[in-house]
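Every number in this text was worked out from the coordinates using simple rules, so none of it is lab data. A quick note: this is a predicted structure, and the numbers were derived from the prediction, not measured. In this analysis, Cβ positions are derived from the backbone assuming ideal geometry, glycine residues included, and neighbour counts consider all displayed protein chains.
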Amino acid sequence: MFTGYRRTVLVLWPDGHFGEVIYGNIEEALEEMASAATGQPARGEPAQINYFLSAVRDGRLVATEVAQRICGVAAGWGDFDLWKEAFETCEADSEISVLGSDGLETAVVELGLSKLESV
């Protein structure tokens, strides 16, 4: 009778699928992070955000959805530097609809207009 593994198991996957293996469904991971974004980042969230932004740079993720979620998360954390990085990485400055009026309003309320004027 088989009782399970008692040894180390090696798992291999293609490099391009790292996010799906680690974070599961990317859209759901973005939504979950965005819905819990208050105060300070939870353990692992900064690495997750870095993965999402690098995936946008590589063209593996759609910039619009990532921009909306990560800019919202950064605003909730009061992290202007992260907000600016996501804004620039996702090229949200090219079209106002990327963040939408709600996203921009949240940024102004949470981060302050004076900081956003520099972007």
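A few notes on this one:
- Taking amide H atoms as placed 1.01 Å from N in the peptide plane, the amide H of residue 61 lies under 5 Å from those of 56, each 5 or more residues away in sequence or on another chain.
- For a label point 7 Å along the Cα-to-beta-carbon line of residue 57, residues of segment 70-89 with backbone N under 16 Å: 82-89
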